[in-house]
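Down below is the structure, laid out as structure tokens.
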Amino acid sequence: MNLTRKILSSHLAKPSDMKAGSEIFIKVDHTLTHDINAVMTYLAFEAVGLPRTQVELSVSYLDHNLLYLDHKTPDDHIYLQSAAKKYGVYVSRPGNGICHAVHVARFGKPGKLSMGGDSHTPHGGAIGMLCIGVGGMDVATAMTGVPMRLKMPEVVNVRLTGKLKPGCNAKDVILEMLRRVTNKGGLGKVYEYTGEGAESLEVPERATIANMGAEMGATTSIFPSDENVRKFLKAQDRENDYIPLAPDDDSEYDSVIDIDLSKLEPLCACPHQPDNVKPLSEVEKRNVQQVFIGSCTNASYSDIAKAALVMKGRKVAENVSCTCAVSTKSIYTQLLRDGYIEMMLDAGVRFLELACGPCCAIGQSPATKGVAVRTTNRNFKGRSGNPNAEVYLVSPESAAATAVTGTFASARDVLGDDVKILADIREPEAYPISDSLIIEPLTPEEATKVEVVKGPNIAYLPVPEAPEENLTAKISLKAGDNVSTDDITPASAEFSSMRSNIPLMSKYCFHRYDPDFAERAKNLGKSIIVGGENYGQGSSREHAAINPMFLGVKCVIAKNIARIHKGNLVNHGIVPMLFENPADYERLEQGDTLEIAGFPEQLKAGRVKVVDKDKGFEFWAKPDMTDSEVEISPDGGQLRHLRKQLEEMGIITKGE
């Protein structure tokens, strides 16, 4: 077997032939949440009624929104810390670092299966874990110990040969993958990296590649657990957690991609999609106003050290604002000791908190029509906090070179033949270990005495009703291709602080995409959204499903729906459907009245007839749901369905 199938087969809760596309049920070892999505998760877990998480390890990370604009975010953090104490969950406090980097360093173990309430959870594939990003309701479900449903993915073998040249980064590997696969080409697939090229990559380099597999729409990505993983865990003083894991020599894969690392050159994702990739040398030499080096994707020790060497003895161009956010406290400490922080400070770089920050528009928004260069994972229009900015994605070496030249440049452009010094940078043999900002769970006895603290901004969790027998509703929005969850629920410090209050947050649903949507949907009472290709791509934020549900959206009919968003729609009572004939999309207009007769019965049959009452034609749609997801629909979403499951299993008492 390949590595993906080995891990999945060892976690099966029910026997399965594991045929690609079939539904399987798996046991989860780890769950993780982060602050701007987690409030809904723990409200849901509280509503279920269990006293404690039922998985091996659950961690609540406070790492995304550390910019306290008012009382709402600190109130959320107090709630999350108290909920963690109540339910047996670890807490990584603000300042400890970004969830994915911290989890791999301090908690991750090869062979474990993790589900996290963030789309970049696959970061953990760097150490041979199988890590899947999901919505918050799925995390709450996993915490109950109920086996999780998953559509068995195809497994793609990415065979890496050669070795990266100095000045090239693992970021260039994943940008090359995006150039080939596109932002939706990974839907329903796991990318398994093997070969001598994979062996040459250290764990943080692998993490960059696994992390950004999310931008291809992939279920996850994974590397073998080999000698490099052992070295990494030893450097974290966790060598005992290492086990070797690799695909069998005669493993079978659904398809194969070959990449020669030695032939790669610095690449750049141009606005406004991560798959709009060009060689950096071919990007127009525009004036750059902002550079950000950091995020979960590219803020490792080696990433920052290499950026520092590019900047050593130089100055950030006078018209460039350059900031940096290191991924963890441990890495920051080592960079300080080795002088790399000082190099960057001397060059004029401003250091930010150890947090996600600018990646999700929490600070450092670009200027009006600004050109921003970032080492982050996404450059969707508006994700930076400014819809008219143009964001480019590059490696830390290229970002540093751009910062000092004031326009797009590679490390070789700045260092010349001296670029070879970057090849000497390796990860530390031992990281400074301090878990002082990690709070361990209380004992079950101690936890019973904990009061969960809810500030005034933490509202109730809306629970949807079951689908109507006969649905008649207008199209409240006809969306185009590649609508992201950022388009549906905007990012920024201001909007992120609202996410624990759905009645408030829903007022800003599609705020940047269509400012009139929220009021229009509310006035309609119930409605249908029509979407194009890759609807709901990007972040796992389930608010992009909860807010439309709260405003009365009953179903989404699209050409294609991104995996995590599709799951969130199901969980929160919105029926996801695909056009049987994509050409029917062109015939529909916003404001059309659609009618579906016998909706629940048609869902069970797997084919739904939709009538456009205004234009007098009918078309067919197919529910984008597995058999078990169709079973959720009559219960009005996952929360009611989950309680019913637990009652039937005798885990909770009916009516509790």
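Computed from the coordinates by the stated procedures, all read-outs in this text should not be read as laboratory data. Just so you know, these numbers come straight off a predicted model, no measurement behind them. Neighbour counts run over all protein chains shown; Cβ positions are idealised from the backbone, glycine included.
Among the chymotrypsin sites (Phe, Trp or Tyr not before Pro) found in the range 613-644, not one is both in a DSSP coil and sparsely packed, with 11 or fewer other Cβ atoms within 10 Å of its Cβ.
With contacts taken as Cα pairs under 8 Å and at least 6 residues apart, the chain reaches a relative contact order of 15 percent. Annotation for the range 1-104: trypsin sites (Lys or Arg not before Pro) lying in DSSP loop with at most 10 further Cβ atoms inside 10 Å of their Cβ are LYS19.
Taking every DSSP beta bridge that has both ends in the chain, the antiparallel portion is near 30%. Based on the Cβ-Cβ distance of LEU12 and ASP614, what FRET efficiency does E = 1/(1 + (r/R0)^6) give at R0 = 51 Å, to the nearest 0.05? For R0 = 51 Å, the calculated efficiency reads 0.60.
Over the range 471-639, Cα pairs under 8 Å with separation of 6+ residues give a relative contact order of 23 percent.
Shown is the FRET efficiency for LYS19 and ILE438, computed with R0 = 41 Å from the Cβ-Cβ distance and rounded to the nearest 0.05: 0.50.
Once both labels are positioned 7 Å from their Cα atoms along Cα-to-Cβ, the gap between ARG587 and ASN470 label points is 2.2 nm. Considering only Cα atoms, the convex hull volume of the range 416-501 works out to 356 Å³ per residue. For the chain, the mean residue ellipticity at 222 nm estimated from helices alone is -8000 deg cm²/dmol, where every DSSP H run of n ≥ 4 contributes -39500 (n - 2.57) and the total is divided by all residues, rounded to the nearest 500.
With all pairs of different C-alpha atoms in the average, the Kirkwood value for the hydrodynamic radius of the range 471-639 is 15.7 Å.
In percent, rounded to a whole number, the relative contact order of the range 353-467 is 14, using alpha-carbon pairs under 8 Å and six or more apart. If you fit an axis through the alpha-carbon atoms of helix 203-212 and take the longest principal axis of the Cα set of the chain, what angle between them do you get, 0 to 90°, nearest 10? The two axes meet at around 40 degrees.
Could you tell me how many degrees, from 0 to 90 and to the nearest 10, lie between the Cα long axis of helix 396-405 and the main elongation axis, the longest principal axis, of the Cα atoms of the chain? It is inclined by approximately 70 degrees. Restricting the range 251-360 to GluC sites (Glu not before Pro) that sit in a DSSP loop and have at most 11 other Cβ atoms within 10 Å of their own Cβ leaves GLU252, GLU284, GLU318. Judged by the gyration tensor of its Cα atoms, with axes a ≥ b ≥ c, the range 267-424 is oblate; a/c meets the 1.5 cut and b/c is at least as large as a/b.
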